[in-house]
1. Take the Cα atoms of region 148-215, build their convex hull, and give its volume per residue in Å³.
2. Just the number: Rg to Rh for region 111-184, Cα atoms, Kirkwood Rh, two decimals.
3. Working only with C-alpha atoms, what are the Rg and Dmax values of the chain, expressed in angstrom?
4. Could you pull out every residue, at least 5 positions away or on a different chain, whose amide H is within less than 5 Å of the one on residue 65? Hs are placed 1.01 Å off N in the peptide plane, and Pro or chain starts have none.
5. Accessible area of the chain with a 1.4 Å probe: how many percent of it is carbon plus sulfur?
6. Quick check: Cα centre of region 113-156 to Cα centre of region 21-56, how many Å?
7. Can you give me the convex hull volume of the Cα atoms of region 41-92, divided per residue and expressed in Å³?
8. Name the residues whose placed amide hydrogens come within less than 5 Å of the amide hydrogen of residue 185, ignoring near sequence neighbours (fewer than 5 apart) on the same chain.
Amino acid sequence: MANVKIEGSWKKQLINEFDKDYMKSLSIHLRNEKKLGKDIYPPSHLIFNAFSLTKFDDVKIVIIGQDPYHGYGQAHGLSFSVEQGTKVPPSLQNIYKELYNDIGIPIPRHGNLSKWADQGVLLLNAILTVESGKPGSHANYGWELFTTAVLQILNQKKKKIVYILWGQKAQEKCTFINAVDNLIIRSPHPSPYSAYTGFFGSRPFSKTNTYLKENKIDPIDWQVD
C-alpha cells in the first residue's frame, strides 16, 4: 500500500506504517479477494475516506466504530455514516435519537456524517474493509494493527482530543489512549441490541462540546442537515 492515496498530513504521519509487512500482506489479501469475485466494501477509493475528510492537524474528536456496513451502497469510509439517499441504519438511527435527547437537534433526514468529519471528527472504524453480507469478515487481516497505530500517533502528538468509544470493540482501544491529557467517553454500542443498556442517556455530544469549550477549542456543530 505504499502508493495508497491518502491526504497529505496523514500520509506524513503514516508513511512508515504503509511500508510494514502486515500492510503489504493486507493489500495482497484484499486484491486476492477481489480476484475471487468477492464484493468488498467500501469501494477501494473510499477505504481511507475518514483520513481524507479530517486532516491530522484538525482532529478534535475520534469516534471509533467496529467495521464498515456490509450492505450494498452503505459503507463510504466513515464509521456509522452512509451516503445520502441510503436508508439510515438502525445504529445511526439510535445515534440520532441520542443526539436529539442530548442537545435537541432534530432527527436528520439522511445518514451522511461528512459534516462532522469536516469539523475535525475522525470517524474511524477499527477495521476498514468488509466482505458483502459478512460482518466482521476482515477481522484479523491487519486492520486492527493499522488503526491502533493511528491512535498511538494521535496520542503521542496531540492532546485534548475527545475519544468516543461505543461498544466493547471500540473500548479495547483504551489501552492506547492517555486518559489524563484527553477525554474518553465510553458507553454501550448504539446497536438496537445494546442501545438500551446505557447508550441512551450517555449524552456524548454535550459532554464533548463542554470539554472542548473548557479547553478553548471550538465546539462541534452536530447538525447534519
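The values are calculated or read from the model by the stated rules, or taken from the named source; none is laboratory data. Not measured: the values here are computed from a predicted model. Ligands, DNA and RNA are stripped out before the accessible areas are found, and what is left, the full protein with its side chains, is counted by its heavy atoms. Shrake-Rupley method; radii C 1.70, N 1.55, O 1.52, S 1.80 Å.
1. 83 Å³
2. With Rh from the inverse mean 1/r over Cα pairs, Rg/Rh is 0.98.
3. Looking at the chain, its Cα Rg and Dmax stand at 16.7, 52 Å.
4. Close amide H contacts, sequence-distant or interchain: 124, 125, 126.
5. Its accessible area is 49 percent carbon and sulfur atoms.
6. 11 Å
7. Taking the convex hull of the Cα positions in region 41-92, it is 88 Å³ per residue.
8. The answer is 163, 164, 165.
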